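Written out below as structure tokens is the structure these notes cover.
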Amino acid sequence: WWSLFSCNIRMASSSSACIKIAGVVLKIIKHYQEEGQGNEVVQGVLLGLVVDDRLEITNCFPFPQHTEDDADFDEVQYQMEMMRSLRHVNIDHLHVGWYQSTYYGSFVTRALLDSQFSYQHAIEESVVLIYDPIKTAQGSLSLKAYRLTPKLMEVCKEKDFSPEALKKANIAYENMFEEVPIVIKNSYLINVMLWELEKKSAVADRHELLSLASSNHLGKSLQLLMDRVDEMSQDIVKYNTYLRNVSKQQQQKHQYQQRRQQENIQRQSRGEAPLPEEDINKLFKPPQPPPRMESLLIAGQINTYCQNIKEFNAQNLGKLFMAQALQDYNN
């Protein structure tokens with residue numbers, strides 16, 4: 001992956017805001033290799049500064065892994081001590097976001113949404129870097145930066161995730177997160193190290209990029225996709241149940257009002273006073289609508305899985321056509 005790391009750079013236009021990353025990517029990769037196992041997520045803090053319309057990430061440090069026995073561990077205090085120590089040695093110590101690894105692209109969660117809102121509410125330019133080690137191991141550096149869209153930030157500030165509020169704000173899973181272009185800048189020492197690693201890499205390791213075996217990765221991605229589709233189906237059932245309850249209550253209200261109206265007509269015919277007015281909303285409390293934010297997050301995660309499967313299959317199709325051409329040439 002080191003040869004691809006040095007060339008896999010997504011450039012941004014000068015007119016748009018972008019992120020410049022210098023000397024941080026290898027630290028994130030090293031953090032996952034040392035502490036990440038399977039679907040275990042590693043996280044850390046991003047440090048840097050804002051220059052004009054560009055966010056420069058120049059340093060980072062990981063969140064330490066702690067167990068239930070470390071109940072007294074204070075993450076906020078740990079971050080403050082780390083940034084204080086970096087400031088003492090004249091290293092960029094401004095908090096500009098955080099990073100997180102992902103397992104087969106599973107990162108669109110409520111925890112990520114809440115964390116990014118906290119960062120972005122304090123510092124508008126804050127981003128979250130998502131590193132996919134599985135995709136990177138297949139020969140393509142997967143590192144993306146995301147921010148919450150202004151519309152979603154307003155909804156999160158109001159803390160109203162009802163269907164009406166999300167519909168009024170025109171929030172859909174497509175416009176929850178915005179991807180920020182990344183420019184990776186390596187120092188000369190890192191470039192020399194990558195060149196040395198590329199020279200020492202075995203030829204067999206490079207041939208692994210041409211492997212046609214894909215059942216494990218594709219099967220796991222499809223399994224995760226089906227799990228999310230099942231969750232979406234259950235969420236749809238809950239929402240349909242809510243709509244049926246609302247419709248049923250509306251019918252009960254209408255029947256109650258008709259009975260009251262008929263009874264008042266009878267009382268007036270007997271010369272009696274009509275029944276006093278009552279607050280019908282107190283008699284029929286409206287059912288609570290299910291929160292729709294979870295549905296949007298599930299839909300966003302399904303879309304991410306579909307995009308990953310699409311990219312993976314496109315690469316495999318290219319390998320198959322190339323293998324067929326080589327076979328035809330040899331024959």
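The values are calculated or read from the model by the stated rules, or taken from the named source; none is laboratory data. On a predicted model such as this, the values are computed, not experimentally measured, just so you know. Cβ sites come from the backbone with ideal geometry, for glycine too, and all protein chains shown count toward neighbours. Side chains included, ligands, DNA and RNA excluded: accessible areas come from the protein's heavy atoms. Shrake-Rupley method; radii C 1.70, N 1.55, O 1.52, S 1.80 Å.
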Subject >> Computed over the chain: relative contact order in percent, which uses C-alpha pairs under 8 Å that are six or more apart >> reply: 20 percent
Subject >> Hz values of 3J(HN,Hα) by residue in region 289-304 - Karplus curve (6.51, -1.76, 1.60), Gly and Pro given as x >> reply: x, x, x, 9, 5, 4, 5, 5, 5, 5, 4, x, 5, 4, 4, 5
**OP:** Kindly state, to the nearest 0.05, the FRET efficiency for residue 229 paired with residue 178, given R0 = 22 Å and r defined as their beta-carbon distance.
**Re:** 0.30
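Which FRET efficiency value, to the nearest 0.05, do you get for residue 198 and residue 294 by plugging their Cβ-Cβ distance into 1/(1 + (r/R0)^6) with R0 = 51 Å?
0.70
Taking R0 as 45 Å, what FRET efficiency do you get between residue 316 and residue 78 from their Cβ-Cβ distance, rounded to the nearest 0.05?
In this case the efficiency is close to 0.55.
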Original post:
Residue by residue, what Karplus-based ³J(HN,Hα) values in Hz, rounded to whole numbers, does region 21-35 have, using 6.51, -1.76 and 1.60 with θ = phi - 60° and x for Gly and Pro?
Top reply: 10, 10, x, 10, 4, 5, 5, 5, 4, 5, 4, 5, 5, 8, 10
Original post:
Calculated from DSSP H runs of 4 or more alone, at -39500 (n - 2.57) each and per residue, what is the 222 nm mean residue ellipticity of the chain, nearest 500?
Top reply: -17500 deg cm²/dmol
Original post:
What are the residues whose amide H is under 5 Å from the amide H of residue 60, where those residues sit 5 or more places off or on another chain and H is modelled from the backbone?
Top reply: 47
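Taking a probe of 1.4 Å, how large is the accessible area per residue of the chain, in Å²?
Per-residue accessible area for the chain comes out at 62 Å².
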Original post:
Most fluctuating residue of 56, 164, 124 in a GNM of the chain with Cα springs under 10 Å: which is it?
Top reply: 164
Original post:
Amide H neighbours of residue 44 under 5 Å, counting only residues 5+ apart in sequence or on other chains, H built in-plane at 1.01 Å?
Top reply: 63, 99
Subject >> 3J(HN,Hα) from dihedral phi, region 221-231, Karplus parametrisation 6.51/-1.76/1.60, rounded to Hz, x for glycine, proline >> reply: 5, 5, 5, 5, 4, 5, 4, 5, 5, 4, 5
Subject >> region 238-294: relative contact order in percent, alpha carbon pairs under 8 Å with at least 6 residues between >> reply: 57 percent
Original post:
Tell me, in nm to one decimal, what length is gained between residue 118 and residue 222 on full extension, where the rule is 0.36 nm per residue of separation less the Cα-Cα distance?
Top reply: 34.2 nm
**OP:** Return P(r) of the chain (all Cα-Cα pairs; 20 Å bins starting at 0; whole %; ordered from short to long distances).
**Re:** 23, 46, 20, 9, 2, 0
